[in-house]
Amino acid sequence: MGTYFGLGAICVLLMILLIIMKKIGYGVIIEKIAIFWFRLACSFAFLYIAHITLDGFNIIIPVNFFSAITITVLGFPGVLCIAVLTLFQ
């Protein structure tokens, strides 16, 4: 019960900060953070799908935070880096 209350309080605080920052002009920073989190979520989804798909061919794709951050920051070159590291492991 305390966890839900804590999460709710954090969400309300973020909504209040979003309203305040919109007036101040921090929208660009929040937008960049939102894009980063979206790309991180997409990279985790990509890693998970690749792990499930390539497991049938006995190729193990690591689904961890380092791999996701690499793909998030580098994009397609990050995918190639993880592929090379996976093939040479």
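Worth a mention:
- Between 0 and 90°, nearest 10: helix 76-87 axis offset from the chain longest Cα axis: 40
- Length-normalised contact order of the chain in % [C-alpha pairs under 8 Å, at least 6 apart]: 19
- The share of accessible area on the chain that comes from carbon and sulfur is 80 percent, using a 1.4 angstrom probe.
- Axis angle, to the nearest 10 degrees, between helix 2-24 and the longest C-alpha principal axis of the chain: 70 degrees.
- Rounded, prolate or oblate (a/c below 1.5 giving rounded, otherwise prolate when a/b exceeds b/c) for the chain by Cα gyration tensor: oblate
- To the nearest ten degrees, helix 27-54 and the longest principal axis of the Cα atoms of the chain are 30 degrees apart.
The values are calculated or read from the model by the stated rules, or taken from the named source; none is laboratory data. Just so we're clear, the structure is a prediction, and the values are computed from it rather than from any experiment. Accessible surface areas use protein heavy atoms only, side chains included; no ligands, DNA or RNA. Shrake-Rupley method; radii C 1.70, N 1.55, O 1.52, S 1.80 Å.
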